[in-house]
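The values are calculated or read from the model by the stated rules, or taken from the named source; none is laboratory data. Worth saying up front: this structure is predicted, and the values here are computed from it rather than measured. Cβ placement follows ideal geometry from the backbone for every residue including glycine, while neighbour counts extend to all protein chains displayed. These area figures cover heavy atoms from the full protein model, side chains too; ligands, DNA and RNA do not enter into them. Shrake-Rupley method; radii C 1.70, N 1.55, O 1.52, S 1.80 Å.
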Amino acid sequence: SSGTLKWYAASTGGTSLATGSPFVTPALTGNTTYYVAAESGLCASTRVAVNVVANPTPSITSQPANTVTCPGNNSSFSVTATGAGAYQWQYNTSSGYVDVPAAAPYSNVTSATLNITGATISQNGYLFRCVISSGSCSTTSNPASLTVSATPSISAQSGDDTICTEDTASIIVVSTDG
């Protein structure tokens with residue numbers, strides 16, 4: 001018959017940490033070896049080593065910041081992390097996060113700094129975040145927003161004015177938000 005699985009911290013001796021499968025470890029900060037044996041009554045198999053490799057999770061030390069720009073201007077988002085192996089910028093245009101494409105107007109989509117060349121008003125309100133990974137471990141930055149402010153324009157003016165020297169002129173100009 002099959003035995004009861006018992007988990008140990010040592011290859012011999014000691015008391016069992018847990019029984020059964022799966023064995024859920026405590027949170028690990030480094031590589032750890034556990035040992036498992038099948039036991040039935042007084043009989044036990046030889047303990048088998050099970051190695052758990054604990055890769056470090058990247059840690060974000062500087063989050064991307066919200067950015068405000070005008071149409072046609074360049075913008076960027078940056079993140080700083082320790083333990084980073086790879087970066088992937090993502091954006092949310094209102095229907096969930098997807099990877100930023102490696103195509104204009106975006107560049108450096110897999111680096112610590114995402115560049116946007118010639119922001120457009122249609123990008124106003126986009127949220128950007130960065131997924132930073134090391135091996136199979138990853139962490140995601142806070143989102144940062146891109147605000148593309150409409151360019152104001154002059155919609156009306158009083159026109160040219162002719163005055164005598166030492167008189168004042170009253171010039172009327174109306175500006176509208178774009």
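Structure values in brief
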{"read-out": "Residue among Thr93, Thr12, Thr151 with the largest mean-square fluctuation in a Gaussian network model of the chain, springs linking Cα atoms under 10 Å", "value": "Thr12"}
{"read-out": "Accessible area (Å², 1.4 Å probe, nearest 10) - Asp167", "value": "90 Å²"}
{"read-out": "Val48, Val24, Val100, ranked by accessible area, largest first (probe 1.4 Å)", "value": "Val24, Val48, Val100"}
{"read-out": "Net charge contributed by nearby residues that have their C-beta within less than 15 Å of Thr4 (K/R +1, D/E -1)", "value": "+1"}
{"read-out": "Taking the C-alpha atoms of segment 1-105, convex hull volume expressed per residue in Å³", "value": "186 Å³"}
{"read-out": "Accessible area per residue in Å² at 1.4 Å probe, computed on segment 25-178", "value": "60 Å²"}
{"read-out": "Per residue Cα convex hull volume in Å³ - calculated over segment 86-178", "value": "150 Å³"}
{"read-out": "Structure-derived mean projected area of the Cα convex hull in nm²: which label, when the choices are [x] 18.3; [y] 9.8; [z] 16.3", "value": "[x]"}
{"read-out": "Relative contact order (%) - the chain, alpha-carbon pairs under 8 angstrom, separation at least six", "value": "18 percent"}
{"read-out": "Relative packing of peptides 125-133, 15-23 - highest average C-beta neighbours within 10 Å first", "value": "125-133, 15-23"}
{"read-out": "Solvent-accessible area, 1.4 Å probe, carbon plus sulfur percent, for segment 105-168", "value": "48 percent"}
